[in-house]
């Protein structure tokens, strides 16, 4: 931890004393530290299927029951998980900065469970379902009483209200993020591999517009190419320490 403290001190010598706005991008890594599997690679197999084979409109049309069984398995795992120190630190940061936006790729709802308020879930929420016919949305508890669930309004099939492979991002949501990122001073990228191109693009645009980018990730990512500072640590152990130092630094100056 002594090395971490030194790295943070070096970062603070190069950060402006006046920071008006802060943005966060979080990925699967921060949730993995709460015990939620990433569902990629060897650990991502489920009944010999990969996420890319199940999280698609085609897979849902072909076998909605199978897709819902996979999501129900994930929901039962997530239900047992709790936010970790990194989630709670982001709540503290939001309370400190007047202009703060948390953009998460995670669908597990742990940020909200921790107490974060200004959140944009760009990939949706696994606890919410959307009607394939009338677009009615509602939050569903686990275990589901019926698989696949049906809409209470029109009895059509409900689907998880998450962004699947091959689907487009919500244009209005992206414009909100882009507008904020155009003027953000400090951007933290936490636990994101950068395998999804849109968040990387958003972060890069923020960087080109003058934002200082700090990456927290034990592994190399697509963000590492342009991040100003990189902490190769897990978020739960490093973000609380970084925030302690940064908060003291800003309050002194």
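Read the figures in this text as sums done on the coordinates, not as results from a lab. The shown structure was predicted, so the numbers you read here are calculated from the model rather than taken from an experiment. Note that we place each Cβ from the backbone using ideal geometry, even for glycine, and neighbour counts take in every protein chain shown.
Name the shape class, rounded, prolate or oblate, that the alpha-carbon gyration tensor gives for segment 164-228, where a ≥ b ≥ c are the square roots of its eigenvalues, rounded holds for a/c under 1.5, and otherwise prolate holds if a/b is larger than b/c and oblate otherwise.
oblate
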Item checked: Identified option (computed Cα extents along the principal axes in Å; candidates [x] 58, 42, 36; [y] 46, 41, 32; [z] 59, 34, 30) -> [z]
Check: Convex hull over the Cα atoms of segment 88-133, averaged projected area in nm²?
Finding: 3.6 nm²
Next item on the list: Report the residue, chosen from 22, 171, 91, that carries the largest GNM mean-square fluctuation when the chain is represented by alpha-carbon nodes joined by springs under 10 Å.
Entry: 171
Notebook entry, point to check: Ranked highest first by average number of other Cβ atoms within 10 Å, how do 105-117, 237-249, 173-185, 145-157 line up?
Noted result: 105-117, 237-249, 173-185, 145-157
Item checked: Debye intensity ratio in log₁₀ form over the Cα atoms of segment 59-167, taken at each q of 0.11, 0.19, 0.21 Å⁻¹ -> -0.40, -0.98, -1.12
Checklist line | Relative contact order (%) - the chain, alpha-carbon pairs under 8 angstrom, separation at least six | finding: 25 percent
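From the Cα gyration tensor of segment 116-253, with a ≥ b ≥ c the square roots of its eigenvalues, which class applies: rounded if a/c is under 1.5, or else prolate if a/b is larger than b/c, or else oblate?
Note, shape of segment 116-253 comes out prolate.
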Check: Kirkwood Rh, Cα Rg: Rg to Rh for segment 1-121?
Finding: 1.08
Next item on the list: Can you tell me which of 219-226, 159-166 comes out highest on packing, and rank the rest after it, using the mean Cβ neighbours within 10 Å?
Entry: 159-166, 219-226
